[in-house]
Amino acid sequence: MPRNKNIWIHTGWRRTPERETFGDNAKYFFLYIQQHKPNIRSIWIAQDKKMRDLLRTHGYSSYTLDSFMGIYLSLRAGVTIVDSNLRIANWRLSGRSRYIQLWHGKSFKKMGKISPYGSTYNKFVSPNLFVTYAYIVAASHLLGKYLLQGFEHKKKHLLISSLPRYDVFFSDIPGSDIDEDTQLSQKIDQDKKAGYESVAFYAPTYRPDGSNPLEHLDLTMLSDALSVSNTKCYISLHPKCYNKDWKKPDGYQHIEFIQTVLDIYPIFKKFSVIITDYSSMAIDALLCNVPSVIYAYDESTYRVSMGIHDELWDAFPAHKTHTMPKLCKILKEKDYAWNASFQQTKEKFFTFSSLHGYNEQASSRRIYEAIEKIL
């Protein structure tokens, strides 16, 4: 099929057990192209009809991959935008399209070909995971270095432009409210009105063995510490864990479990502190001047099962603890305030400052301009 350089398809990866959700970097780049580049026919290739219908309700172009138009446009697209691994169903229709990898944030953990997922077996059964990208987008050369290692690409494929989802930190973006976690936003506002001084967000990342991080969390001890510091804590499991059958613990006054496969980036600045482990969320929080605490209860085993980038891990200034008593002591004393070390790390991890690099959807604009040059 002949490719058309003015047809761009976008695909997402997040979903609930019921449907795909609209989020992450593909969402914000899609909104930018739809709203600012009428010369480009941009289409969201949805995983299901619910996602397709949601976007159409808001006036955006979307088709499911199993529809005639979804197949046809995928075969004709000159550009294919992803922010996770390219699904094999999309890969089958994408030959000679230019792949753009936005990825969903560089974290401390290793990924791709330098992780357990880069086995020879996977290369054989999942060729979609090993395509060559025209561009891999990163926020800095430091973070991009490890993305290139993960995808086994050369420097010429690295685009230093930052991530489209960061645009919503600094400007109002029409359409960002689609699948925004408005319920969480309202709860945080209610918590602050009710007298909570701080709001914590605990989001552990996925473990290769599929284990549930809650098994290592003493909720009673955590609730007691939160009570002392007058803090409300929201706990969100990784989507791969949340979509499994599990029973939410309840009865803890200062703790609430939420399903954050919806988009939290428009409300990121409402958090007082991020608690995580190896996730990119701690790095993202730097742009909002939101401090982090690292609770890495399984660091020694995680280094073996997944791998950690020591350069990033050692440079990150947050408290790192392996035990519940130390985590609770930090939260009880609020010993996590933003300081000069966080600021220095922010400048090291991000090429573009918040004053000069993120206004007016600049991340998405830079990516668009770079793609235009290679078509």
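Every read-out reported here was derived from the displayed coordinates using simple, explicitly stated rules and does not represent laboratory data. Bear in mind that the values here come from a model prediction, so they are computed numbers and not experimental data. Neighbour counts run over all protein chains shown; Cβ positions are idealised from the backbone, glycine included.
Based only on Cα atoms, what mean projected area does the convex hull of the chain have, in nm²?
18.1
Considering only the other residues whose Cβ falls under 10 Å of the Cβ of Met1, what net charge follows from Lys and Arg at +1 and Asp and Glu at -1?
Summing Lys and Arg as +1 and Asp and Glu as -1 gives +3.
When the dipole is taken about the Cα centre of region 130-223, and only Lys, Arg (+1) and Asp, Glu (-1) are charged at their Cβ, what size is it in debye, to the nearest 20?
I would put it at about 660 debye.
Specify which residue in the list Ser107, Ala134, Thr11 is farthest towards the positive end of the charge dipole of the chain, using unit charges on the beta carbon of Lys, Arg (+1) and Asp, Glu (-1), about the Cα centre.
Final value for the positive-end residue is Ala134.
Taking the Cα of Thr323, stepping 7 Å toward and past its beta carbon, and measuring to each backbone N in region 217-233: which are under 14 Å?
What the label zone holds, given the 14 Å backbone N cut-off, is no residue at all.
Taking amide H positions as placed in the peptide plane 1.01 Å from N, state which residues far from Thr21 in sequence (5 or more) or on other chains have amide H under 5 Å from it.
Arg14, Arg15, Thr16
Just subtract the alpha-carbon distance of Ala370 and Thr132 from 0.36 nm times their residue separation and send over the number in nm, one decimal.
84.0 nm
Put +1 on the Cβ of each Lys and Arg and -1 on the Cβ of each Asp and Glu in region 182-349; which of Leu287, Gln253, Ser185 then has its Cα farthest toward the positive end of the dipole?
Among Leu287, Gln253, Ser185, the one farthest towards the positive end of the dipole of region 182-349 is Ser185.
About the Cα centre of region 182-349, how large is the charge dipole given +1 on each Lys and Arg Cβ and -1 on each Asp and Glu Cβ? Please answer in debye to the nearest 20.
So the dipole magnitude of region 182-349 works out to roughly 360 debye.
How big is the dipole moment of the chain about its Cα centre under a simple scheme where the beta carbon of each Lys and Arg is +1, that of each Asp and Glu is -1, and everything else is neutral? Debye, nearest 20, please.
It works out to roughly 1500 debye.
Just add up the charged neighbours of His216: K/R +1, D/E -1, any other residue whose Cβ is under 11 Å from the Cβ of His216.
So the surrounding residues net to -3.
How large is ³J(HN,Hα), in whole Hz, for each residue of region 48-57 in order, when computed from phi with the Karplus curve 6.51 cos²θ - 1.76 cosθ + 1.60 and θ = phi - 60°, using x for Gly and Pro?
8, 5, 5, 5, 4, 5, 4, 5, 5, 4
Using mean Cβ contacts within 10 Å as the protection proxy, how do 123-129, 81-87, 61-67 order, highest first?
Taking the mean over residues of other Cβ atoms within 10 Å, the ranking is 81-87, 61-67, 123-129.
Pop a pseudo-label 7 angstrom from the Cα along the beta-carbon direction at both Gln190 and Met221 and give the gap in nm to one decimal.
Using points 7 Å along Cα→Cβ, the separation is 3.1 nm.
Distance between Cα centroids, region 173-228 to region 86-127: provide it in whole Å.
Cα centroid of region 173-228 versus Cα centroid of region 86-127: 30 Å apart.
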